[in-house]
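FYI, it's all coordinate maths here, none of it is from the lab. The shown structure was predicted, so the numbers you read here are calculated from the model rather than taken from an experiment. When we count neighbours, we look across all protein chains shown, and the Cβ atoms used for this are built from the backbone with ideal geometry, even at glycine.
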Amino acid sequence: MSAPRSYCRNALWIAAMVHRISGLGLAAFLPFHFLALGLSLQGASELDGFLHWTDTPVVKIAEGGLVFLLAVHFLGGLRVLFVENFDWRVNQLRLASAAGATAAVIAFAFLVRVL
């Protein structure tokens with residue numbers, strides 16, 4: 001077994017991986033979103049049944065995770081835009097840490113509101 005690569009321990013590499021993984025998580029959510037849209041076209045009773053299921057605590061917690069993924073992906077994307085278009089290379093670690101902390105606060109605030 002080979003030794004871990006040194007760049008894998010870099011916080012900015014981890015931020016880049018979180019950005020990619022959050023994008024995959026958001027893409028995994030899309031079929032459920034399309035399902036809800038399709039049910040709304042089939043009629044009110046089908047949509048009401050689906051919306052009743054979404055009131056369960058497990059779904060509410062999953063929605064909190066979705067809000068976290070959306071926030072971390074959005075803020076990570078802004079970090080990439082700043083790094084690519086401005087001379088912010090020195091403050092990348094602070095910006096990545098701030099993006100993660102802000103995403104966590106947003107997700108926590110969402111969960112407090114819905115639970």
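Side notes on the structure shown:
- Computed [θ] at 222 nm, helices only, for the chain once each DSSP H run of length n ≥ 4 contributes -39500 (n - 2.57): -29000 deg cm²/dmol
- Percentage relative contact order, region 6-114, counting C-alpha pairs under 8 Å, at least six apart: 34
- Note on the chain: with charges restricted to the Cβ of Lys and Arg (+1) and Asp and Glu (-1), its dipole about the Cα centre is near 620 debye.
- Using a Gaussian network model of the chain in which every pair of alpha carbons under 10 angstrom is joined by a spring, one finds that among A44, A28, A15 the greatest mean-square fluctuation is at A44.
- Of the complete DSSP H runs in the chain, those spanning 30 angstrom or more by Cα along the long axis with a mean Kyte-Doolittle score not below -1.0 are 11-42, 57-85, 92-114.
- Taking Cβ atoms as reference points and 11 Å as the exclusive limit, the residues near V67 contribute a net charge of +1, counting Lys and Arg as +1 and Asp and Glu as -1.
- Just so you know, the Cα atoms of region 6-114 work out to an Rg and Dmax of 17.4, 55 Å.
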